[in-house]
1. Using the basic label-point model (7 angstrom from Cα toward the beta carbon), what is the LEU88 to SER17 distance in nanometres?
2. What are the semi-axes of the equivalent ellipsoid of the range 1-65, taken as the square roots of 5 times the eigenvalues of the Cα gyration tensor, listed largest first and rounded to whole Å?
3. Which order, highest average first, do 115-124, 73-82 follow once you tally other Cβ atoms within 10 Å for each residue and take the mean per peptide?
4. Calculate the dipole size of the range 66-132 relative to its Cα centre from +1 charges on Lys and Arg beta carbons and -1 charges on Asp and Glu beta carbons; express the result in debye to the nearest 20.
5. How big is the shadow of the Cα convex hull of the range 66-132, averaged over all directions, in nm²?
6. Please sort through the DSSP H helices of the chain and keep those with an alpha-carbon extent of at least 15 Å along the long axis and a Kyte-Doolittle average not below 1.6.
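Quick note: the coordinates plus some simple rules give every number you see, no bench work behind them. Model, not experiment: these values are computed from the prediction. Here the Cβ positions follow ideal geometry from the backbone for every residue, glycine too, while neighbour counts run over all protein chains shown.
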Amino acid sequence: MKRTIIIFVVAALMLTSLIMWALNSHIGDNIQEILMIGGGLILVGFAIYIGVTRARNSMRNEPPVDELSKKIMTKASSLSFYISIYWLLFLMYVSDRVPWETHTMLGAGILGMAIIFFGSWLWVKFYGFRHE
């Protein structure tokens, strides 16, 4: 149950920081900021979904994470690792051609890796395991 509470605390912290960032900056000026906030909101929603699922399982006196959930997370993490390597190589290639600052490129890389993991998790969750 402690891990479930930590998931909700981290999601709340990220949501408040996104709201504060949105209020203190001019979001309508730059598409890059809109994409960053949208990606952050997707990740907060994913964290809340995982937290609610684990809390519901704990209330039913079931294990918070069963074998299928562990297998889905393992498969999704390995798939997203390989895709993230190509994502980072793409960012390295593009970094010479775009006028973004270094911290913006790092933020885009980290956010992209998180979105790739979310997409891999959705893919494995909906399409299942192949040849297993």
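1. Result: 2.0 nm between the two label points.
2. 31, 11, 6
3. 115-124, 73-82
4. Computed about the Cα centre, the dipole is about 200 debye.
5. 5.2
6. Helices passing the filter in the chain: 2-24.
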